[in-house]
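The values are calculated or read from the model by the stated rules, or taken from the named source; none is laboratory data. As the structure is a computational prediction, the values presented were derived from the model and not from experiment. With ideal geometry, Cβ positions are generated from the backbone for all residues, glycine too; neighbour counts draw on all protein chains shown.
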Amino acid sequence: MNKKSRTRLLIATGVIVVVFVIGVVFLIQKQGAYYRQVSDLTTGQYDGKNVKVGGKVLDGTINRDSSGVHFTIQDLTGKSQTVKVTYSGQMPNTFNSGVDVVVIGKYASTAGVINADQLQTKCPSKYKGQASPAPTPPSAQ
């Protein structure tokens, strides 16, 4: 490989690495590496930004209308903070009161609302393994 080809290869590799790093940084800033708790929103630093927040859907707060579904989630750590959520997309089958959810959307601190673009439910009891029946011993012959 001559010097000119090696230089082109190094430049192309450098460009690919830079584009990859910029993409990863962009995704982490947009959605976060993990979800935040409802109580984290009280700091004020998330106003007008996209957030990824986990919480439990409070009983009696689910309302449906022509603009979508409106409900309130509470902090998963047991703290009393809540936030309202508005979502107009496809609803997961497991969505209901008392279910843990993760919502991704823009937070408006003045209204205390997350306008969610994405909604995921977590239902640990549904996915727990069921006990298998005890094996029957082979019959004595």
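From the list Gly48, Gly54, Gly89, which one is under 18 Å from the mean Cα position of the chain (by Cα), part of a loop (DSSP other than H, G, I, E, B), under 14 Å from Ala116 (Cβ atoms) and small (Gly, Ala, Ser)? Gly89 is the lone residue from the list that is under 18 Å from the mean Cα position of the chain (by Cα), part of a loop (DSSP other than H, G, I, E, B), under 14 Å from Ala116 (Cβ atoms) and small (Gly, Ala, Ser).
Here is the figure for the stretch 45-80: residues that are surrounded by 14 or more Cβ atoms within 10 Å (Cβ to Cβ) and farther than 19 Å from Thr110 by Cβ total 14. Against the conditions (1) among the hydrophobic types (A, V, I, L, M, F, W, C); (2) over 18 Å from the mean Cα position of the chain (by Cα); (3) not assigned by TED's automatic domain parsing to the domain that holds Val99, Ile62 satisfies every one except (3). Taken over the stretch 35-45, the residue count meeting the criterion of being out of contact with any Phe, Trp or Tyr (no Cβ under 9 Å at 6 or more places or on another chain), more than 18 Å from Asp117 (Cα to Cα) and either assigned to a loop (DSSP other than H, G, I, E, B) or in contact (Cβ under 8 Å) with a residue 12 or more places away in the chain (or both) is 4. I'd like to check something: does the stretch 63-71 contain any residue that is in contact with a helix residue (DSSP H, G or I) (Cβ under 6 Å, 6 or more places away or on another chain), assigned to a strand (DSSP E or B) and modelled with pLDDT of 90 or more? No, because not a single residue in the stretch 63-71 is in contact with a helix residue (DSSP H, G or I) (Cβ under 6 Å, 6 or more places away or on another chain), assigned to a strand (DSSP E or B) and modelled with pLDDT of 90 or more.
Scanning the stretch 71-108 for residues that are touching a Ser or Thr at 6+ places or on another chain (Cβ under 6 Å) and within 20 Å of Gln45 (Cβ to Cβ) yields a total of 5. Taking residues in the stretch 85-102 that are in the same structural domain as Asp65 (by TED's automatic domain parsing) and over 10 Å from Lys122 (Cα atoms), and partners anywhere that are loosely packed, with under 14 Cβ neighbours inside 10 Å and at pLDDT below 90, the pairs with Cβ atoms closer than 7 Å and at least 6 places apart or on different chains are Ser88/Ser67. Val38 satisfies every condition listed in (1) modelled with pLDDT of 85 or more; (2) surrounded by fewer than 18 Cβ atoms within 10 Å (Cβ to Cβ) except (2). Test Asp47 against the stated conditions and say whether it is farther than 15 Å from Asn96 by Cα and modelled with pLDDT of 90 or more. For Asp47, the condition - farther than 15 Å from Asn96 by Cα and modelled with pLDDT of 90 or more - is not met.
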